[in-house]
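Q: Here's a structure for you.
The values are calculated or read from the model by the stated rules, or taken from the named source; none is laboratory data. Quick caveat, the model's predicted, so the values are computed rather than measured. Every residue, glycine as well, gets a Cβ built from its backbone with ideal geometry; the counts of neighbours run over all protein chains shown.
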Amino acid sequence: MQNNLTRYKLVQTHTAKAFADELGIPFLETSAKDSINVEQAFLTMAAEIKNKMGSQLTGSKSAESVQMKGKPIPQNKNCCG
């Protein structure tokens, strides 16, 4: 949920959080415009996928792994106008 569009919110934060909790999924309010929680949203999704995929690999002979290397990209506050 984009948190820089508060005047257009159709669902309150506590309602969305309760729904996410009910589904057992993470909840993050994000804003690409203000660079809030964007990286955290991707890291959270990646961790959730890794956990789910890891539990599926249990019992297999070997698990392949991928190492990602790179440097953080500098954030530009004016990316969206």
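Q: Just to be sure I understand the filter: pairs with C-beta atoms under 8 Å, separated by 6 or more residues or on different chains, first member in the range 35-50 and within 16 Å of ALA20 (Cα to Cα), second member surrounded by fewer than 12 Cβ atoms within 10 Å (Cβ to Cβ) and not hydroxyl-bearing (Ser, Thr, Tyr). Which pairs pass?
A: Qualifying pairs under 8 Å: GLU48/ILE25.
Q: Related question: So which residues in the range 22-54 are polar (S, T, N, Q) and either surrounded by 12 or more Cβ atoms within 10 Å (Cβ to Cβ) or not in a helix (DSSP H, G or I) (or both)?
A: THR30, SER31, SER35, ASN37, GLN40, THR44
Q: Is the range 14-21 home to any residue that is at pLDDT 75 or above, assigned to a helix (DSSP H, G or I), more than 19 Å from the chain's Cα centre (by Cα) and loosely packed, with under 10 Cβ neighbours inside 10 Å?
A: No, there is no match, as no residue in the range 14-21 is at pLDDT 75 or above, assigned to a helix (DSSP H, G or I), more than 19 Å from the chain's Cα centre (by Cα) and loosely packed, with under 10 Cβ neighbours inside 10 Å.
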